[in-house]
Amino acid sequence: MKILVDRSICSGHAMCALKGPNVYKLDEDGFNISDGQTVPPAFEEEARRGSAVCPEQAIRLTEGD
Ligand code: SF4
């Protein structure tokens, strides 16, 4: 699974990192900087939870590597 973040609509709510602290990294202003990262299998469910709570729907998860 890979993380795709649309930085043009990410608004820095940091909700993704609250639900997915092992998956999503933020910059100092709370914007998601995890675009292009691979999610280890053990954290895929966490990644889905973090993606689901994003108010801007800025996170897309791709299956596979
Ligand atoms: S919850 Fe969505 S809008 Fe907020 S920081 Fe995460 S990706 Fe960006």
- Message: Bins of 5 Å, beginning at zero and ending with the bin holding the largest distance: percent of Cα pairs per bin for the chain, please.
- Response: 4, 22, 36, 25, 10, 2, 0
- Estimated [θ] at 222 nm from DSSP helical runs (n ≥ 4, -39500 (n - 2.57)) normalised by residues in the chain, nearest 500: -5500 deg cm²/dmol
- Query: Using +1 on the beta carbon of Lys and Arg, -1 on that of Asp and Glu, and nothing else charged, what's the dipole of the chain about the Cα centre, debye to 20?
  - Reply: 120 debye
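Coordinate-derived values only; no laboratory data. This is a predicted model, so every value here is computed, not measured. A quick note on method: Cβ atoms are made from the backbone with ideal geometry, for glycine too, and the neighbour counts reach across all protein chains shown.
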